[in-house]
Every structure is written in C-alpha cells, then in structure tokens.
Amino acid sequence: MQQVAGSPQPSYRGCCIKRGMTVPDEPINCPICKSKAQELDRTGDATGFDCGEHGKFKVADTVFSTVKATTREQWERALKLAKGRAKLNEWPVIRHFDFQ
Ligand SMILES: [Zn+2]
C-alpha cells in the first residue's frame, strides 16, 4: 500500500475573492480642509465639492493632474481667487493657475 503524504486540501474557492474596487457612494473629502464633503454634479472637466466650511465650489481636473504638493494656505488663496472670478449664481471653479 502506498502512503499518501498530506491530506487532500479542501477547496476554499469563494472565501478569498477580493471585493470589487468600485464603491458607488464613496465619500469624498474637501481638498482644502480634508473634512468630509458632498460631491456635486460633475461638469465636464471639474469636480464639485460641498464642504461645511468652504461651501460649494469646483475644482478643475487639471488642478489634480498638474498641481502638486499644495498646502491648505494655497488652497484657501485659490478658492478666494476663484470666488472673485465666479459670476452670480455660479460656483467658483478653482483652476491650476490659481496656485501660481
Ligand atoms: Zn473645506
């Protein structure tokens, strides 16, 4: 009689499957103060934020792709510039040149 080393491994299929990466209602954070914010409607090239502290504003996607290592002071200043530019009944849109 042959000896079989070890015992047959039970199949654990299903227990180690990673969960999908898509999270539908992912909370987002205010890029300025990092506190929890609501996401507003996206319009083309900008993401809208509704922050309890900073109100409603938008950030152009180019900010996230071109502006690196921003401090809160830079963000506050950029928001101020964007607010000065925004028309009545329009949300301010922070753009990359606001950080220069
Ligand atoms: Zn904020």
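Report for region 28-99 the percent antiparallel among DSSP-assigned beta bridges with both residues inside it, nearest 5.
Among the beta bridges of region 28-99, antiparallel pairing accounts for roughly 85 percent.
Could you name the lysines in cross-link range of Lys87, using Cα to Cα under 27 Å and dropping any fewer than eight places away on the same chain?
Candidates past the 8-residue exclusion: Lys34, Lys36, Lys56, Lys58.
Given H placed 1.01 Å from N in the peptide plane, which residues other than close sequence neighbours of Ile94 have an amide H under 5 Å from its amide H?
Residues meeting the criterion, in which the H sits 1.01 Å from N, are Lys58, Val59, Ala60.
Can you run phi through the Karplus equation (6.51, -1.76, 1.60; θ = phi - 60°) for region 92-100 and list ³J(HN,Hα) in whole Hz, with x for Gly and Pro?
x, 10, 7, 10, 4, 6, 5, 9, 8
At what distance in nm do the modelled label points of Arg77 and Phe64 sit from each other, each positioned 7 Å from its Cα along Cα→Cβ?
2.4
Quick note: the coordinates plus some simple rules give every number you see, no bench work behind them. Note that the coordinates shown come from a computational prediction; the quantities given were computed from them, not determined experimentally. FYI the Cβ positions are ideal-geometry reconstructions off the backbone, even for glycines, and counts take in every protein chain you see.
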